[in-house]
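Nothing in this text is a laboratory measurement; each read-out follows from the coordinates by a stated rule. Note that the structure is a prediction, hence the values are computed from the model and not measured. Note that we place each Cβ from the backbone using ideal geometry, even for glycine, and neighbour counts take in every protein chain shown.
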Amino acid sequence: MRSWLAKSLRTCRASLTSVLGWRRMCRLAAQGQAPISVLFYHRVADHTPNPWTISCADFERQINLLRRSFDVIGLDEVQRRIRAVDSRRPAVAITFDDGYQDNNQFALPLLTQLRLPCTYFVSVDNVQKGIGFQHDIDSGESIATNTMDELRHWSRSGVEIGLHTRTHFDFSKADDEQTIENEIFSAHAELTACIEKPIRYFAVPFGTEAQLRPAVINAVYQLGMSGFCSAYGAYNLPGRDAFHIRRIHGDTDFNRFKNWIYFDQSKLSTEPLISYELEQLPINQHASGLNEVSL
């Protein structure tokens, strides 16, 4: 009884905030100030359900809603609208983390068929060596990862491949020079060589305040990448720092999902403050061929 009541209350709250949030979103859009949601998913599949898996039907339902109500844009367009303070239509971007082979079966074909942009972040050793993710192993499952051949195929199909470290590393545990070299600099070089396209974006594994260390952010900057993504749940507001792309989980609960994307203003008060200063580029091997990063 209590669980039913709690679910009913969540549904009512989500429905109310969705209506109010959408009205607020439209008012802000008229001023060029519409917040932009960047969603992140992990795995779309109908078997081995876990907290980081969404069913094919639920994923398609979310995508259909996004197509009806939002501009679905790439991360570069997210950044352009933020910097230009020019967000005149509700917009979202779609990203994936880790690199699960199941996404070959439904999610990526759906997105490419609909010509919806997507950034797909992968951990280099997991996909290159076929190593299962530790969080799956800890839960008693071994779920297959993408291969580099598959990533090259999706890259040619229009999916942007991004970096998610070498080993899905938790930077709250270490951010020393050797760790940064292995998990970001050399992993970036390997992934670039494998995909044969520039790797422009980096998603910090776990993506909370604890992992968003200055050394991590500066490594992304020093590589000339266009930006880094967090994952603690926040909106991208026009006029903010666009080098930091804030992301929202593609929640399997449809009411919570709508509550987020239709803009729940109350969530702004719970967002952690992430502050950092980008250091001058060192004169070393990583600075060669660097692209300018515009903030």
Subject >> Cα-centred dipole magnitude for the chain, charges only on beta-carbon of K, R (+1) and D, E (-1), debye, nearest 20 >> reply: 1780 debye
**OP:** Please name whichever of Ile143, Val122, Leu111 sits farthest to the positive end of the charge dipole of segment 105-176, dipole taken about the Cα centre and charges placed at Cβ: Lys and Arg +1, Asp and Glu -1.
**Re:** Leu111
Original post:
Given 0.36 nm per residue, what is the gain on full extension from Trp22 to Cys56 after removing their alpha carbon distance, in nm?
Top reply: 9.6 nm
Subject >> Radius ratio Rg over Rh of the chain, counting only Cα atoms, Kirkwood formula for Rh >> reply: 0.96
Subject >> Over the chain, relative contact order from alpha-carbon pairs under 8 Å, at least 6 apart, % >> reply: 22 percent
**OP:** Can you bin segment 52-103 into rounded, prolate or oblate? Criterion: square roots of the alpha carbon gyration tensor eigenvalues sorted a ≥ b ≥ c, rounded for a/c under 1.5, prolate for a/b above b/c, oblate for the rest.
**Re:** oblate
**OP:** Report the charge-dipole magnitude of segment 164-224 in Debye, nearest 20, computed about the Cα centre from +1 at each Lys and Arg Cβ and -1 at each Asp and Glu Cβ.
**Re:** 220 debye
Original post:
Within straight cross-link reach of Lys267, meaning Cα distance under 18 Å, which aspartates and glutamates are found once same-chain residues fewer than 8 apart are removed?
Top reply: Glu209, Asp251, Asp253
**OP:** Using +1 at the Cβ of each Lys and Arg and -1 at the Cβ of each Asp and Glu in the chain, identify which of Gly99, Val38, Ser275 lies farthest towards the dipole's positive end.
**Re:** Val38
**OP:** Label segment 64-132 by shape, choosing from rounded, prolate and oblate, from the square roots a ≥ b ≥ c of the eigenvalues of the Cα gyration tensor; if a/c is under 1.5 it is rounded, and otherwise prolate applies when a/b is larger than b/c, oblate when it is not.
**Re:** oblate
